[in-house]
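A short reminder: the numbers here are calculations on the coordinates, not readings from a lab. Source: prediction; values computed, not measured. As a convention, Cβ positions derive from the backbone with ideal geometry for all residues, glycine included, and neighbour counts pool all protein chains shown.
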Amino acid sequence: MTLPHLLAEGLDDPVQALGRIPGRPSPQAAGGTPVAAVSYSRPARCPKVLPMVRKHVIVSGRVQGVFFRDTCRQNAVAQGVTGWVRNLPDGDVEAVFEGPEDHVTRMVDWAHQGPPAAAVTKVAVRDEEPERLSGFEVLPTPRA
């Protein structure tokens with residue numbers, strides 16, 4: 001039964017009547033006074049909205065043929081960072097990382113060492129405007 005129906009029936013306390021379930025006794029408070037069946041829940045927590053940043057990196061050294069791109073992709077996914085990574089024709093690796101600043105910073109820090117077989121000699125980092133990318137991709141090497 002809905003509140004408008006209860007009001008139409010002229011009940012003195014429609015809120016208490018809403019708590020009644022057919023076939024069940026009304027809930028009783030201490031002293032035998034009927035109480036309304038009202039449930040309360042905590043409000044959902046709003047997720048913290050973190051500012052997005054985008055870093056464009058060029059990694060130099062022995063960074064091709066050492067699983068740099070795939071390891072980069074795995075780490076980015078684990079960090080919740082979006083973007084892409086690819087080999088460059090000159091032997092460098094290029095990547096874009098987007099996400100919350102601390103997560104992107106971790107990826108840039110990782111790029112300074114790379115996977116175990118890599119020998120990183122230089123990392124150039126450039127700030128860019130975030131594009132709100134989704135996912136993290138390994139892109140093909142561009143043509144020279």
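For the reader, a short list of remarks on this structure follows.
- Highest average first, the peptides 79-89, 117-127 ordered by how many other beta carbon atoms sit within 10 Å of their residues are 79-89, 117-127.
- Local electrostatic count at Val125 - Lys and Arg +1, Asp and Glu -1, tallied over other residues with Cβ under 12 Å: 0
- Peptides ranked, highest mean first, by Cβ atoms within 10 Å: ranges 103-109, 91-97, 135-141: 91-97, 103-109, 135-141
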